[in-house]
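The structure under discussion appears below in the form of structure tokens.
The values are calculated or read from the model by the stated rules, or taken from the named source; none is laboratory data. Just so you know, these numbers come straight off a predicted model, no measurement behind them. So basically every Cβ, Gly included, is an ideal-geometry build from the backbone, and we count neighbours across all protein chains shown.
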Amino acid sequence: MTRTIDFKRPDGQQVKGFLAEAESPVAAVVVIQEWWGLNDQIRGVAQRLADAGFTALVPDLYRGKSTLKAEEAHHLMTNLNFGDAASNDVRGAVQYLKAAKLGSGKVGVTGFCMGGALTLLASTMAPEADAGVVWYGYPPLDYVDAAKIKAPLMAHWGTQDAAFAIAGVDALEAKLREAKVRYEGHRYRAHHAFANEDAQGPGRIDVTQYDAAWARIAWDRTLRFFGQHLS
């Protein structure tokens, strides 16, 4: 079952989110959108997790806005306060799912592109989260206080990603190693957004390319990881 809900941020403000409920939940996961907004594709991601036994909540970071146009998506992302989104919207979603005590009561966080960057930030700002999975996105590394990451982390990177250079991944992983983060990174011979089946749709940018084979492998790894750390 899916529905729109309201949940409270740590600062007391109310936020809407899309909730996909698992029939017999093992645990729960917060899903963070790409720069396109809370669209049908990210709702499908939430449903995929629900079908696998994880009730999934997508916080509406753009407050009802979404787009198919890269220029508008860039505008929406640029106007988003990433620190506030991670520490309030995402953390509030984690707290909401924690309070629901679904299955084990544990809650993971995952996000794609912009949402991947926010997953990393949330891993430093939402201490209630029990695990995180990053999909091809990272913030400026100065904003990643790796010493604050206590939950296990997995990440999926495209070696041909023109949006998030693999050299930046190298630098990020060095920070994670130095901080002794429980980290598992996977690299794929793929372009940006390789797990987004709409990556080459109307209005998409030419650096994105869906790859069904790599996406399936990355999803299998993600579900095993969440099963291991959230069940």
Where residues in segment 186-200 are crowded, with 16+ Cβ neighbours inside 10 Å and more than 27 Å from Pro152 (Cα to Cα), which of them is modelled with the lowest pLDDT?
-> Ala199
Can you confirm whether segment 88-99 contains a residue that is under 16 Å from the mean Cα position of the chain (by Cα), surrounded by 19 or more Cβ atoms within 10 Å (Cβ to Cβ), part of a helix (DSSP H, G or I) and of a type in the set (Gly, Ala, Ser)?
-> yes
Exclusive hit being surrounded by 23 or more Cβ atoms within 10 Å (Cβ to Cβ) and either touching a residue at least 40 places away in the same chain (Cβ under 8 Å) or not in a strand (DSSP E or B) (or both), set Val58, Val15 | Val58
Scan segment 201-210 and give yes if some residue there is of a type in the set (D, E, K, R), within 30 Å of Lys69 (Cβ to Cβ) and at pLDDT below 95, otherwise no.
-> yes
Pull up segment 27-55, narrow it to residues that are small (Gly, Ala, Ser) and part of a loop (DSSP other than H, G, I, E, B), then point me to the one that is surrounded by the fewest Cβ atoms within 10 Å (Cβ to Cβ).
-> Ala52
Can you confirm whether segment 164-185 contains a residue that is of a type outside the set (A, V, I, L, M, F, W, C), crowded, with 18+ Cβ neighbours inside 10 Å, modelled with pLDDT of 95 or more and under 18 Å from Ile42 (Cα atoms)?
-> no
Within segment 57-86, which residues are out of contact with any Ser or Thr (no Cβ under 9 Å at 6 or more places or on another chain) and among the small types (Gly, Ala, Ser)?
-> Gly64, Ser66, Ala70, Gly83, Ala85
Enumerate the pairs (first residue in segment 166-194 and more than 18 Å from Phe225 (Cα to Cα) and touching a residue at least 40 places away in the same chain (Cβ under 8 Å); second residue anywhere and surrounded by 16 or more Cβ atoms within 10 Å (Cβ to Cβ) and among the polar types (S, T, N, Q)) with beta-carbon separation below 8 Å, excluding pairs fewer than 6 apart on the same chain, so at least 6 apart or on different chains.
-> His192/Thr208; His192/Gln209; Ala193/Thr208; Ala193/Gln209; Phe194/Gln209
Tell me, please, whether a residue that is closer than 22 Å to Ala52 by Cβ and either assigned to a helix (DSSP H, G or I) or under 16 Å from the mean Cα position of the chain (by Cα) (or both) can be found in segment 157-180.
-> no
Just one listed residue, out of Thr124, Thr78, is farther than 18 Å from Asp220 by Cα, out of contact with any helix residue (DSSP H, G or I) (no Cβ under 8 Å at 6 or more places or on another chain) and β-branched (Val, Ile, Thr), and it is Thr78
Of the residues in segment 100-147, those that are assigned to a helix (DSSP H, G or I), crowded, with 24+ Cβ neighbours inside 10 Å and of a type in the set (Phe, Trp, Tyr) number 0
